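> Here it is, the structure in full.
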Amino acid sequence: MSTTISALSDRALRDVDAIAARATQEVIDAEGDLADSTRIPVQDIADTVTHLIRDFYRHVAHGTDLDIPAVREVGRRRAGQGVPLAAVLHGFRIGFRHAWSALAGLAAPDDTRTLRELLDRSDTLWRLLDTYSDELRAAYRDRSAELLRTAEAERHRHLGTLLGSETDAGTRLLSAEALGLARHGGHLVLAVQGETPGQRAVWEAAIARDGARVLWHIAPGGTAGLVSAAGHGAGTVEAALCSCVTEGTARAGVSMPFPRVEDAPEALRQARIALRAHPGRLSRPHRYDEDPVASLVAAGGRDARALTAAFLRPLDALPPSERELLLGTAAAWFDAAGSAEAAAQALYCHRNTVRYRLRRLEELIGLPLKDPRNAARLQLALHTARQYP
């Protein structure tokens with residue numbers, strides 16, 4: 001840097017407080033986010049502007065190193081204070097402009113040599129602003145990323161607490177408050193397996209159409225989604241959710257709606273039961289109360305297996321393909337509400353074939369299916385065989 005410009009910078013240093021005060025006031029007037037004294041003390045802005053302008057003049061006057069750590073610290077501090085990056089960078093440009101204008105103002109109007117040197121060196125000087133801005137931007141983004149990770153970890157912790165049955169209701173309510181969830185309202189829980197981010201986005205979009213939102217808790221044991229319907233009916237949100245088509249290996253079970261957010265652990269249990277109650281690929285999410293028999297079997301698997309093992313034991317002597325054929329026909333018959341004709345359409349066979357297979361099944365188990373009690377036992381056995389092959 002030329003001795004002329006260095007001398008001007010030395011003179012500007014003696015008036016740096018006044019120059020910085022003017023710059024500070026313009027920053028406050030121009031940027032509301034920086035002027036919010038509840039977020040950032042005015043003295044913080046003034047001290048920052050003064051330090052950076054003084055650092056700039058010292059660098060120009062004496063060749064001292066730029067105080068890059070101070071610039072980075074400002075970037076990290078402003079990110080933590082929630083000031084938008086654009087506002088911080090604009091504040092830097094304002095301060096730099098005041099520093100440069102004050103420097104140029106010290107040259108006599110008729111001192112063409114000094115004014116020409118200032119003009120010739122302006123590119124170099126503005127590169128210093130780029131250096132400041134680059135360092136500040138990088139530090140701001142690093143800190144923002146740290147804060148996001150911290151916030152996500154905190155959100156995940158509170159959501160785990162809210163969904164966990166090992167915590168008491170009071171602790172769960174505190175976590176719900178931290179997550180911004182109302183205590184009373186319409187809530188649902190999803191239990192999910194094999195989903196992709198894209199599938200979660202489909203469910204989120206369906207929920208959002210009814211004004212609700214979902215908080216995802218992704219853990220090794222599976223993904224859970226806590227749906228808050230707020231002022232909207234949980235039943236409406238549930239219907240929208242269950243109308244979604246699942247893709248690939250995604251599977252989802254949905255709890256019954258519940259009004260008190262602290263009851264989320266029980267809702268998660270219901271959602272997991274609904275998921276277990278329908279093994280294999282699901283074309284859509286299934287509700288806990290959609291098929292009570294299947295849900296009861298899923299909830300009490302050990303008892304269901306013990307109670308139905310003897311009922312289906314006569315089929316064990318059959319070839320596996322014949323056993324599956326008879327059980328599949330019975331399942332289709334139940335799905336068709338006892339209509340042999342509708343079951344035949346689903347199985348792509350003749351209705352008499354369905355009747356024949358059902359009679360064969362009656363012979364093997366030794367009980368007539370026209371007795372509703374026997375039909376109920378068979379349905380329980382079918383659900384058990386399907387869920388616990």
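> Can you tell me the FRET efficiency between residue 62 and residue 153 if r is taken as the Cβ-Cβ distance and R0 is 56 Å, rounded to the nearest 0.05?
Efficiency at R0 = 56 Å is approximately 0.75.
> On to the next question. Taking K and R as +1 and D and E as -1, what net charge do the other residues with C-beta under 14 Å from the C-beta of residue 354 add up to?
+2
> Enter the angle in degrees (range 0 to 90, nearest 10) between the Cα long axis of helix 112-163 and the first principal axis of the Cα atoms of the chain, meaning the one along which they spread out most.
The helix 112-163 is inclined about 30 degrees to the chain.
> Next question. How many nm separate the modelled label positions at residue 353 and residue 204, each set 7 Å beyond the Cα in the direction of the Cβ?
Placing both labels 7 Å beyond Cα along the Cβ direction yields 4.7 nm.
> As an exercise, identify the trypsin sites (Lys or Arg not before Pro) in segment 247-306 lying in DSSP coil whose Cβ has no more than 15 other Cβ atoms within 10 Å.
Listed in order of number, the matching sites are 281.
> Would you kindly state how much longer the chain becomes between residue 219 and residue 305 on full extension, computed as 0.36 nm times their sequence separation minus their alpha carbon distance, in nm to one decimal?
28.0 nm
> Give a residue-ordered list of calculated ³J(HN,Hα) values for segment 326-341 (Karplus: 6.51 cos²θ - 1.76 cosθ + 1.60, θ = phi - 60°; whole Hz; x for Gly, Pro).
Calculated HN-Hα couplings, in order: 5, 5, x, 5, 4, 4, 5, 5, 5, 4, 8, 6, x, 8, 5, 5 Hz.
> For the pair residue 168 and residue 142, how long in nm is the line joining their label points, each one 7 Å along Cα→Cβ?
Computed distance between label sites residue 168 and residue 142 equals 4.4 nm.
> Quick check on the chain: helices-only [θ] at 222 nm, where DSSP H runs of length 4 and up contribute -39,500 (n - 2.57) each and the sum goes over total residues. Nearest 500, please.
After summing the helix terms and dividing by the residues of the chain, the value is -21500 deg cm²/dmol.
> Can you tally the net charge around residue 51? Count Lys and Arg as +1, Asp and Glu as -1, for every other residue whose Cβ sits under 12 Å from the Cβ of residue 51.
-4
> When you have a sec, figure out the Kirkwood radius of the chain from all distinct Cα pair distances and drop it here in Å to one decimal?
By the Kirkwood definition, the hydrodynamic radius is 27.0 Å.
> While we're looking at this one, here's another question. Normalised by the residues of the chain, what does the relative contact order come to in percent, with Cα pairs under 8 Å and at least six apart?
Relative contact order for the chain comes out at 11 percent.
> Which length gain, in nm to one decimal place, applies between residue 266 and residue 26 when the Cα-Cα distance is subtracted from 0.36 nm times their residue separation?
Gain in length upon complete extension: 80.7 nm.
> Nearest 0.05, what FRET efficiency do residue 184 and residue 289 give at R0 = 30 Å with Cβ-Cβ as r?
E between residue 184 and residue 289, to the nearest 0.05, is 0.90.
> Would you mind pulling out the separation of the Cα centroids of segment 45-70 and segment 193-212, in Å?
Computed from Cα coordinates, the inter-centre distance equals 50 Å.
> Extension gain residue 324-residue 122, at 0.36 nm per residue separation less the Cα-Cα distance, in nm?
64.2 nm
> For the chain, what is the accessible area per residue in Å², given a 1.4 Å probe and the full set of protein chains?
51
> Another question, if that's okay. Measure nothing fancy, just the Cα-based angle from helix 372-387's long axis to the longest principal axis of the chain, in degrees from 0 to 90, nearest 10.
40
The values are calculated or read from the model by the stated rules, or taken from the named source; none is laboratory data. None of these values were measured; they are calculated from a predicted model. Because the Cβ atoms are built from the backbone with ideal geometry, glycine has one as well, and the counts that use them run over all protein chains shown. Side chains are part of the model used for accessible areas, which takes the heavy atoms of the whole protein and leaves out ligands, DNA and RNA. Shrake-Rupley method; radii C 1.70, N 1.55, O 1.52, S 1.80 Å.
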